[in-house]
Amino acid sequence: MSLTREINFTLNGSPVKVTVPVTMNTLTLLREQLNLTGTKYGCGEGECGACTILMDGVSVNACLMFAVDCDGRQLTTVEGLLTDCDSDPLRNAFVEKGGVQCGFCSPGMMMQATHILKQNPNADREQIQRGLEGNLCRCTGYKKIVDAVASVSKHED
Amino acid sequence: MTDIQSYQVPASLAEATAILANGDVSILAGGTDLMLQKNLHGGTLMNIRRLEELHGIQLSGNTIRIGAVTTITKILESPLIEKHLPILHEATNHFASVQIRNAGTIGGNICNASPAGDTLIPLLVLDAQVELASAADTRLIPIADFFIAPGKTSREPGELLTAIHIPQPAEGFVACFEKFGSRPALDISTVSIGIGGILQDSKLQAARVAFGAVAPIPLLAKKTMAAIENQTLDVDGIQTIATAARDEVNPIDDVRASAWYRKELIHNLTRKVLQNVANT
Ligand SMILES: Cc1cc2nc3c(=O)[nH]c(=O)nc-3n(C[C@H](O)[C@H](O)[C@H](O)COP(=O)(O)OP(=O)(O)OC[C@H]3O[C@@H](n4cnc5c(N)ncnc54)[C@H](O)[C@@H]3O)c2cc1C
Ligand code: FES
Ligand code: FES
């Protein structure tokens, strides 16, 4: 048996206490131990961004984060956006602008877009494109995703 | 990743070096390299990511000190780095993706010792020193002496990389970094190059040149540096230096490029960077 450790953290506003193997990644913890399957597994190695979550307010790849390192931190996943009224405009924009096709990349895109707009509510298209560099989409061709994020940015163009 | 027997989160640097003194430790910073290296090399996994003493960027006297667990994002966004060390700022701007920059640390980039590590090239050009602390003492060594082989450094098992010290460049210092890959983001460098020096009378004095991904370690290109010495940066001078650069490197074929292609890239990028420097 591999070594385990009990950790406590805040997940989407609620306290969580779990015991995890010390070498487990946070994506496995979320999907397989906590049954929160909104965060997607695309590559498991930091390339696709489908697993993007917010850790203490900044975006990271859950697949590259040791689950034990969640101890004491605040995590937000795409499920957390559902209960957060501030994110309604972003969610609606993805729908209205056609930023969702198969939907596999969408949770990661929404989380990264949340990060971008939190860092810079006035992000312009170029800043949005650069901010989304770590998120792959096989369907949309990106334009409609950028349109969606740009439509909720305060930047006027 | 099975034989971890203990997980430690030291609360101070003294505690961390005491754990290291007991031997057989895998050090965890951002984890962006470590997570994918399935065979953790030690019985203890030690998480240093929240060690206060290892965070932060300060200018004191003529030295800029960057704590080992400072993230790539913090360096990219630091006005101090942008003002005093624009070549390091530039290298962090084209590093992986936002998510990886938010997690990955400069200490992890250095200790991972990949020949393609993006911060290593500007740090070689800037003649940085690495600060290593053990339970017994602290030493500083030039970063050019730190790399031994891919993934291998002169860090002793009982030592922790605690910070990077970078001398503030002299008046008139100019430097340039170029990373060549197949796409603008999330790309491990096919080759990278950094050149810096003091531009005087169309010559680059006290020049420093470093190349990434063309040797087993990030390379301080001493022959190219010698070729720059007293060479006027006109068309012929730049050509002579670019040829010396191509002759100096001895890259390998791999999935990203052939050895021949890498040598041509080094030649062409050296020429491009020197033209940029000459025009500043
Ligand atoms: C998809 C992807 C893209 C990437 N793109 C780039 C890129 O463009 N450019 C680039 O340079 N790198 C890139 N990397 C590599 C990686 O993100 C960087 O090397 C990063 O800086 C590593 O930092 P970390 O804190 O995550 O290191 P960790 O994974 O925590 O540690 C890396 C190694 O260093 C050791 N270590 C860490 N800190 C210390 C310390 N203070 N003292 C002693 N030993 C220590 C660890 O034990 C481990 O062996 C990429 C990685 C991925 C997965
Ligand atoms: S699953 Fe984490 S980046 Fe692809
Ligand atoms: S909508 Fe299908 S991957 Fe982006």
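Quick look at the numbers
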item	result
Condition broken by A:Asp86, with the remaining ones in (1) within 16 Å of ligand 1 (Cβ to nearest atom); (2) assigned to a helix (DSSP H, G or I); (3) not β-branched (Val, Ile, Thr) satisfied	(1)
Long-range neighbours under 6 Å by Cβ, at least six apart or interchain, first residue outside the structural domain of A:Arg138 (by TED's automatic domain parsing) and farther than 19 Å from A:Gly103 by Cβ within the stretch A:40-52, second among the hydroxyl-bearing types (Ser, Thr, Tyr) and within 13 Å of ligand 3 (Cβ to nearest atom)	none
Qualifying residue in the stretch B:79-93 (condition: assigned to a loop (DSSP other than H, G, I, E, B), more than 16 Å from ligand 2 (Cβ to nearest atom), outside the structural domain of B:Ile195 (by TED's automatic domain parsing) and open to solvent by 30 Å² or more (accessible area, probe 1.4 Å))	no
Residues satisfying the stated conditions in the stretch A:21-47, i.e. within 14 Å of ligand 1 (Cβ to nearest atom), open to solvent by 30 Å² or more (accessible area, probe 1.4 Å) and either closer than 23 Å to B:Ile4 by Cβ or not in a loop (DSSP other than H, G, I, E, B) (or both)	A:Asn25, A:Glu45
Test: residue in the stretch B:187-209 that is within 14 Å of another protein chain (Cβ to nearest Cβ) and within 16 Å of ligand 1 (Cβ to nearest atom)	yes
Subset of the stretch A:118-139 [under 16 Å from A:Gln101 (Cβ atoms) and over 17 Å from the mean Cα position of the chain (by Cα)]	A:Arg138, A:Cys139
Count - residues of the stretch B:68-78 that are open to solvent by less than 30 Å² (accessible area, probe 1.4 Å) and within 11 Å of chain A (Cβ to nearest Cβ)	2
Out of B:Arg65, B:Arg49, sole residue that is touching an Asp or Glu at 6+ places or on another chain (Cβ under 7 Å), open to solvent by 20 Å² or more (accessible area, probe 1.4 Å) and not in a helix (DSSP H, G or I)	B:Arg49
Residue within the stretch B:190-197 that is closer than 30 Å to B:Val98 by Cα, touching a Lys or Arg at 6+ places or on another chain (Cβ under 7 Å) and either surrounded by fewer than 23 Cβ atoms within 10 Å (Cβ to Cβ) or assigned by TED's automatic domain parsing to the domain that holds B:Pro150 (or both) present	yes
Qualifying positions in the stretch B:52-62 - open to solvent by less than 60 Å² (accessible area, probe 1.4 Å) and in a loop (DSSP other than H, G, I, E, B)	B:Gly56
Residues located in the stretch A:106-146, provided they are in a loop (DSSP other than H, G, I, E, B) and within 16 Å of ligand 1 (Cβ to nearest atom)	A:Leu132, A:Glu133, A:Gly134, A:Asn135, A:Leu136
Extreme residue, surrounded by the most Cβ atoms within 10 Å (Cβ to Cβ), among residues of the stretch A:104-157 that are more than 12 Å from ligand 3 (Cβ to nearest atom) and among the small types (Gly, Ala, Ser)	A:Ala113
Check on B:Leu132, touching a residue at least 24 places away in the same chain (Cβ under 8 Å), under 26 Å from B:Phe211 (Cβ atoms), of a type in the set (A, V, I, L, M, F, W, C) and away from ligand 2 (no atom under 16 Å from the Cβ)	yes
Test result for B:Gly61, on the phi < 0 side of the Ramachandran plot and of a type in the set (Gly, Ala, Ser)	no
In the stretch B:20-43, residue farthest from the other protein chains (Cβ to nearest Cβ) [restricted to those that are crowded, with 20+ Cβ neighbours inside 10 Å and under 20 Å from B:Ala135 (Cβ atoms)]	B:Leu20
Test set (1) modelled with pLDDT of 95 or more; (2) in a helix (DSSP H, G or I) - A:Gln101 fails condition number	(2)
Leading residue by the ranking (farthest from ligand 1 (Cβ to nearest atom)) among those in the stretch A:48-61 that are in contact with a strand residue (DSSP E or B) (Cβ under 8 Å, 6 or more places away or on another chain) and of a type in the set (A, V, I, L, M)	A:Leu54
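The values are calculated or read from the model by the stated rules, or taken from the named source; none is laboratory data. None of the values given here were measured: they were computed from a predicted structure. Cβ sites come from the backbone with ideal geometry, for glycine too, and all protein chains shown count toward neighbours. To get the accessible areas, we keep the full protein, side chains included, count just its heavy atoms, and leave off ligands, DNA and RNA. Shrake-Rupley method; radii C 1.70, N 1.55, O 1.52, S 1.80 Å.
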